[in-house]
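First comes the structure, then the notes that go with it.
The values are calculated or read from the model by the stated rules, or taken from the named source; none is laboratory data. This one's a predicted model, so the numbers in the text were calculated from it and none came from an experiment. Note: ideal-geometry Cβ built from the backbone for every residue, glycine included; neighbour counts use all protein chains shown. Ligands, DNA and RNA are stripped out before the accessible areas are found, and what is left, the full protein with its side chains, is counted by its heavy atoms. Shrake-Rupley method; radii C 1.70, N 1.55, O 1.52, S 1.80 Å.
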Amino acid sequence: MAENKKALLIDITKCIGCHSCEVACKAAHELPGDPEPNLSETAFTTVQEHAGKNIRRLCMHCEEPACASACLVGALKKTSYGPVAYDKTKCIGCRYCMIACPNSVPKYEWSKLVPYVKKCDMCVNRVVQGQPTACAEACPTGATMFGGRDQLLREARRRLDNDSSYVQHIYGEREFGGTSVFFISDVPFENLGFTVAPAEEPLPQLTQAALGEVPTVVLVGGSLLAGLYWITQRRREVALAEAAEKASRKEERN
Amino acid sequence: MPDDKKPLITPWRVILAIIFAAGLYATYLRFAVGWSAATNMSDAQPWGIWVGLATLCGVGLSAGGFATAAAVYLLGMERYRPICRTAIIIAFLGYGSVCVGYAYELGLPWRFWHPVVYWNRHSVLFEVCWCIIMYTTVLAIEFSPALVEKLPWKSLREWYLHWHHRIVIAFVLAGVLLSSLHQSFLGGLFIITKGKEYPLWYSTHLTTLFYLSAIPAGLAMIVIALYLSVRSLNVKIDPEILRELSAVLVPLLAIFAIFRGVDLAHEGGLGYLFRWRSETGYFWLEMALFVFIPIVLLNLERIRNSPVALYWTSAIVVMGFIANRINVSITGLERATHAGYTPKWSELAITVMLMTCAVLAFRYAVLYLDILPRSLAEKRAKWLANAGVVANA
Ligand code: SF4
Ligand code: SF4
Ligand code: SF4
């Protein structure tokens, strides 16, 4: 079944911390250097140790990404294939995406004079051609799996159902309004350095509520102000007329 | 007018020279050497004080422009017409320096025109950007008569002022709406940081909070500018105006404080009010400077009757306002991002240089254009314009 919308499933119980994903990612994106401890402009993914477990870090490819909703020129976009992709020809370097992402995933090329935003792009160029991501391809244990989003969710659910040692939660199924990268684990996610999702609804919806008030503010505010102006003018006319009247009466008396 | 007999080197000129030397060297670092050389910004703190101080405060402190324009043009408060131009030029210079500041702030500043072509209407920053573009234009139009008046061609002058007078009200109206939206949206930028922003500052009503705090801060800024103009630029205005402006501050600050309190309770921030953390200190510092101290001071008869005391009280309000903006944009995000950011000297140098440019421009505008009346007698005839008829009657 060729499902269009792709995703990654990362099974923390299977990760052996070999950093193959990171090395493959660097090769696929022509990024320099050895494996790094944290995400950076040259590390789109990394493997960290938390509570004795190996945890991959990478962009979650949110279904309704905060970063993309924040980007004023639309350089970051959720593609129909799943990846949240970055168009470097549009970016103006405002770095609002970095502020907006709840996981602080986007990184910036601070050392360059022509800096761009850097983050995991879920190998969008490979994915649109029907290939798996470089990290999934390189993973020797199948801890990182690539596939259709629905199919991977079903697979994750199946593993949780069959093995009660898993925490009964698919991280990413609902977090940030749903993502395209899922984690399952036998240790609670809070202990593994995962961001506790700040809201039930996707973050961009909070902003939309505020932006949605714009037309109302403009309409109501505009007519209110125009009304005030009209009253002011009217008062002024009355005052002028009265003044003129007073003046003419004065003349008559003289 | 500048005094020809003054010595060439004065302490002020030395300070100015230092500010510009430092600012220009920092500019060189930023554009020729790179971000890391010129700033302490990092992936954890991507905005720093260029956004926190230059943009958020520069725009916020310009809020007096639209408030005064609305009071005079829309509400017919003719008493304030003499300070209308001051308010508008402060706003214009404020926005102008924010626009110049973007050249530093953007990673790819030569793409500044992209938001005009590539739209993302879901982005608060997109709305902010458009409001800045449009409102700066509106301010330029509102301000233009002060320049056109000085042109040597009489017919052009009269033609321009005639039409300007007829249509300016439309621009004032648009300006009030635009800047109201814009002030609010600067707060709206941080609505999406739920979970990152510290609970003492996060609110889904950051839009309203920014709006309500910008108005008193903008007025305080006008009080400061008026006081300084009277003191050192040979300007004459009715001292009563200062008193009245600061009297308006009290209810405005109180409204903000009440809204802030209710909002904190609503968003669940109350539990953080007294925790033993650095954020708590910053929060109370902000509240003390922006709310408590000014309200107490402005209730003292002695303060209200003394222009210099009003000036210092307004300065406290402005500092409180700056504390608030920096708290929202920097302090409040530090804990979640583990940033540990302090600005580099060059970041400050550039901000200070841009502010100095604005202050200098203000000074020369007051000296060479008719921004403020220079004698009380001049006031009536010239400054009340068409409404002078009403006032004289
Ligand atoms: S994790 Fe962050 S960068 Fe990745 S899609 Fe979500 S909001 Fe964007
Ligand atoms: S830095 Fe670039 S990608 Fe990020 S929000 Fe700004 S324009 Fe968009
Ligand atoms: S999906 Fe691609 S870009 Fe993202 S971490 Fe894996 S290899 Fe790197």
Across every pair of different alpha-carbon atoms, what Kirkwood hydrodynamic radius in Å does the protein assembly as shown reach?
-> 27.4
Describe numerically, in nm with one decimal, the distance between label points set 7 Å from Cα along Cα→Cβ at residue B:44 and at residue B:157.
-> 6.0
Interchain or long-range residues, amide H under 5 Å from residue A:182's placed H | A:8, A:9, A:10
To the nearest Å, what is the center-to-center distance of the stretch B:280-333 and the stretch A:173-229, using C-alpha atoms only?
-> 32
HN-Hα couplings for the stretch B:180-193 via Karplus (6.51, -1.76, 1.60; θ = phi - 60°), in whole Hz with x for Gly/Pro, come out as 4, 4, 5, 4, 5, 5, 4, x, x, 3, 9, 5, 6, 8
Under a GNM of chain A (C-alpha, springs under 10 Å), which listed residue has the highest mean-square fluctuation: A:70, A:244, A:197?
-> A:244
Full-stretch length increase - residue B:273, residue B:305 - with 0.36 nm per residue and alpha-carbon distance subtracted = 8.0 nm
At q = 0.16, 0.19 Å⁻¹, what is the log10 ratio I(q)/I(0) for the stretch A:148-254, with the Debye formula run over Cα points and no solvent?
-> -0.85, -1.00
Just name one of A:228, A:238, A:248: the one whose Cα is farthest towards the positive end of the charge dipole of the stretch A:214-253 (beta-carbon charges, Lys/Arg +1, Asp/Glu -1).
-> A:248
Ellipticity estimate at 222 nm from DSSP helix runs (n ≥ 4, -39,500 (n - 2.57)) divided over the protein assembly as shown, nearest 500 | -16500 deg cm²/dmol
Averaged per residue, the 1.4 Å probe accessible area of chain B, protein heavy atoms only, in Å², is roughly 43
Nearest-5 percent of antiparallel DSSP beta bridges in chain A?
-> 80
So which trypsin sites (Lys or Arg not before Pro) in the stretch B:250-353 end up in coil per DSSP with only 13 or fewer other C-beta atoms within 10 Å?
-> B:275, B:277
Alpha-carbon radius of gyration plus Dmax, which is the widest Cα pair, for the stretch A:214-253 in Å = 17.2, 58
Toy charge model, Lys and Arg Cβ at +1, Asp and Glu Cβ at -1: the stretch A:214-253 dipole around Cα centroid in debye, rounded to 20, equals 100
Relative to the compact-globule estimate 2.2 N^0.38 Å (N residues), the Cα gyration radius of chain B stands at a ratio of 1.01
Gaussian network model of chain B, Cα springs within a sub-10 Å range: biggest mean-square fluctuation belongs to which of B:307, B:82, B:239?
-> B:239
Connecting every pair of Cα atoms under 10 Å apart in chain B and solving the GNM, the largest mean-square fluctuation among B:242, B:219, B:61 falls on B:242
Put +1 on the Cβ of every Lys and Arg and -1 on every Asp and Glu Cβ in the stretch A:2-204; which of A:74, A:199, A:46 then has its Cα farthest towards the positive end of the dipole?
-> A:74
What list of whole percents do you get for P(r) of the stretch B:306-351, with Cα-Cα distances grouped in 10 Å bins up to the one holding the largest distance?
-> 23, 34, 29, 12, 2
Which FRET efficiency value, to the nearest 0.05, is calculated for residue A:253 and residue A:224 with the Förster distance at 35 angstrom and r the Cβ-Cβ distance?
-> 0.20
Assign unit charges at the C-beta atoms only (+1 for Lys and Arg, -1 for Asp and Glu), then state the dipole size of chain A relative to its Cα centre in Debye, rounded to the nearest 20.
-> 780
Hydrodynamic radius (Kirkwood) for the stretch B:194-342, which is based on Cα pairs only, to one decimal in Å = 16.2
iface B-A | buried accessible area, total | probe 1.4 Å | Å², round 100 | 4800
Charged-residue dipole, Cβ positions (Lys, Arg, Asp, Glu), the stretch B:1-150 about Cα centre, Debye nearest 20 | 220
Rounded to whole Hz and in sequence order, give me ³J(HN,Hα) for the stretch B:7-12 from the Karplus expression 6.51 cos²θ - 1.76 cosθ + 1.60, θ = phi - 60°, writing x for Gly and Pro.
-> x, 5, 10, 10, x, 5
In degrees, nearest ten, helix B:206-232 long axis to first principal axis of chain B (Cα) = 40
In sequence order, calculated HN-Hα J values of the stretch A:114-122 (Karplus, 6.51, -1.76, 1.60; Hz; x Gly/Pro) = 10, x, 10, 7, 10, 7, 3, 10, 6
Quantify how much of the Cα-Cα distance distribution of the stretch A:2-204 extends past 20 Å, in percent.
-> 55
Residue A:173 versus residue B:241, label points 7 Å from Cα toward the beta carbon: distance in nm?
-> 6.7
For the protein assembly as shown, build the charge dipole from Cβ charges (+1 Lys, Arg; -1 Asp, Glu) around the Cα centre, then report which of B:185, B:336, A:59 sits farthest towards its positive end.
-> B:185
